[in-house]
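The values are calculated or read from the model by the stated rules, or taken from the named source; none is laboratory data. All values derive from a computational prediction rather than experimental measurement. As a convention, Cβ positions derive from the backbone with ideal geometry for all residues, glycine included, and neighbour counts pool all protein chains shown. Each accessible area value is taken on the protein alone, full model and side chains, heavy atoms only, with ligands, DNA and RNA left out. Shrake-Rupley method; radii C 1.70, N 1.55, O 1.52, S 1.80 Å.
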Amino acid sequence: MHYDDNLTADRPTFVTHLECSVTGEHYPADKIHNLSRAGKPLLVRYDLAGVKKVLGKDALAGRPADLWRYRELLPVRRKEDIVSLGEAVTPLLPLPKLAAKLGAAELLAKDEGRLPTGSFKARGLVMAVSMAKALGITHMAMPTNGNAGAALAAYASHCGIRTTIFCPEDTPEVNVSEIGLQGAAVYRVNGLIDDCGKIVAEGKAKVGWFDTSTLKEPYRIEGKKTMGLELAEQLGWTVPDVIFYPTGGGTGLIGMWKAFAELETIGFIDAKRPRMVAVQASGCAPMVRAFEAGVEHAVRWENAHTIAAGIRVPQAVGDFLILRAVRESGGFAIAVPDDAIAAALEECAREEGFLMCPEGAATYAAYKQSLADGRIKKTDCAVLFNCATGLKYPLPPIRRTLDRHKPIDFAAL
Ligand SMILES: Cc1ncc(COP(=O)(O)O)c(C=O)c1O
């Protein structure tokens with residue numbers, strides 16, 4: 001095995017077509033697409049019987065540990081189109097001290113902060129940009145809460161595609177800087193992410209930008225799907241009892257749900273599914289409200305606010321797909337307040353030495369709340385998704401100082 005086999009070997013590909021997630025209408029593969037004619041997300045479909053014939057668990061086990069090990073289940077056909085910055089398999093970290101405190105059997109965190117640009121957005125954007133390269137797209141635009149824009153800028157610059165990116169005006173400085181430094185034209189907009197999305201749509205209509213918004217582009221979801229593929233492989237081709245996922249646009253949750261279905265079809269896992277829990281912040285919880293109301297679509301959340309910027313998404317184009325996956329899985333949607341998110345972040349960092357991002361910390365807060373209200377059991381194996389490194393976020397200052405010119409009371413330190 002050579003370290004870059006997944007990027008350099010020719011491997012068969014199995015995409016047959018794209019399909020409207022509502023009407024089921026088919027669209028040809030290998031063409032530029034955004035939403036379907038019904039204005040809904042397109043899903044990539046594969047000849048899974050063909051995949052089953054060529055892909056075995058043992059062959060997979062011998063491949064390098066990166067996202068491209070699953071190429072037969074991904075849309076990029078030619079190795080020359082792969083735009084990689086090193087998408088390593090992310091670790092599944094046990095959190096034994098937190099589990100013990102809560103009397104729980106098994107608590108794991110999938111630490112997505114190890115990916116290029118420090119977040120799981122790399123998974124979606126490496127796929128979107130590789131497909132853009134394959135399809136000859138030259139200018140991509142995107143609305144972002146920060147992490148997605150950073151990943152788009154990085155991959156697009158790596159392969160020479162131009163990018164124009166819009167983020168809400170209070171997006172953390174580090175995100176705006178990384179987007180700009182990685183070669184994009186980035187603008188702060190006096191509005192929220194859906195307001196930024198409207199500017200992208202207008203630019204698409206007026207000057208032909210490619211709209212890379214969440215779920216308006218069909219391949220980001222295929223990249224995010226690898227979270228589910230990886231997780232099942234790491235657990236010996238089984239799934240956990242419950243997954244807590246910080247849900248904004250929901251690509252990851254929808255992608256993982258798709259991954260499990262595909263894995264079952266190719267015979268890698270059985271029919272068991274994890275209960276999918278969509279975690280939102282109390283200040284922006286459109287999915288929770290829709291889940292509790294028993295409706296299929298979520299109404300826009302007005303005056304959205306939370307310290308977990310990545311999940312501050314007032315309205316999601318894939319709302320019905322998120323709600324469908326949550327319901328089919330027997331899971332639920334749950335909102336946690338900002339003070340619980342901040343406390344969860346500190347607790348996890350202090351006790352486990354694991355600095356989550358606020359969105360990841362929201363999943364731990366939700367896990368605790370769900371154990372307390374009996375929605376999950378202590379015997380459940382639970383996986384939290386920490387979608388970005390905590391180091392990308394403003395951190396509370398530590399104000400302890402020491403005067404080296406005065407006698408030091410070492411016993412008190
Ligand atoms: C750190 C972090 N967590 C979670 C999310 C939400 O992800 P999704 O759009 O897949 O729901 C985002 C999106 O920006 C994010 O940056």
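List of remarks:
- Mean sequence separation of contacting Cα pairs (under 8 Å, at least six apart), scaled by the length of the range 196-263, corresponds to a relative contact order of 35 percent.
- Over all other residues within a Cβ to Cβ distance under 12 Å of Cys381, the charged ones net out to +1, with Lys and Arg as +1 and Asp and Glu as -1.
- FRET efficiency for Tyr3 and Leu102, using Cβ-Cβ distance with R0 set to 45 Å, rounded to 0.05: 0.70
- Only aspartates and glutamates eight or more places from Lys368 in sequence, or on another chain, were considered; those with a Cα closer than 18 Å are Glu106, Asp241, Asp338, Asp339, Glu346, Glu347, Glu351, Glu352, Glu359, Asp380.
- The chain: relative contact order as a whole-number percent, Cα under 8 Å and 6+ apart: 16 percent
- Full-extension gain in nm, Thr379 to Leu413, via 0.36 nm per residue minus C-alpha separation: 8.3 nm
- Every helix of 4 or more DSSP H residues in the chain counts as -39500 (n - 2.57), and over all residues that averages to -11000 deg cm²/dmol at 222 nm.
- Taking a Cβ cut-off of under 12 Å around Ala281, the surrounding Lys, Arg, Asp and Glu residues balance to a net charge of -2, with basic ones at +1 and acidic ones at -1.
- Exposed trypsin sites (Lys or Arg not before Pro) absent - longest run of the chain, DSSP non-H/G/I/E/B, at most 10 other C-beta within 10 Å: 38-398
- Charge dipole magnitude, Cβ of K and R +1, D and E -1 - the chain, Cα centre, debye nearest 20: 320 debye
- Carbon plus sulfur fraction of accessible area for the chain, probe 1.4 Å, in percent: 55 percent
- Neighbourhood charge, 11 Å Cβ-Cβ cut-off, centred on Lys101 and excluding it, Lys, Arg +1 and Asp, Glu -1: -1
- Quotient of Cα Rg and 2.2 N^0.38 Å for the range 3-102, N being how many residues it contains: 1.40
- Cα-based shape type of the chain, given that a ≥ b ≥ c are square roots of the gyration tensor eigenvalues and the cut on a/c is 1.5: rounded
- Label point of Lys79 set 7 angstrom out along Cα-Cβ; within the range 149-164, amide nitrogens under 20 Å from it belong to 159.
- Antiparallel bridges, percent of DSSP beta bridges restricted to the chain (to nearest 5): 35 percent
- Residues Ile341, Ile307, sorted by accessible area with the largest first, give Ile307, Ile341 [1.4 Å probe; ligands and nucleic acids excluded].
- Distance from the range 231-272 to the range 147-200 (C-alpha centre basis), Å: 29 Å
- Multiplying the residue separation of Leu92 and Thr401 by 0.36 nm and removing their Cα-Cα distance gives an extension gain of 107.6 nm.
- For the Cα trace of the range 198-311, dividing Rg by the Kirkwood Rh returns an Rg/Rh value of 1.04.
- Length added when fully stretched, Ile32-Val189, from 0.36 nm per residue minus Cα-Cα: 53.7 nm
- Distance from the Cα centroid of the range 63-131 to that of the range 354-400 is 18 Å (rounded to whole angstrom).
- Accessible area in square angstrom per residue, the chain, 1.4 angstrom probe: 40 Å²
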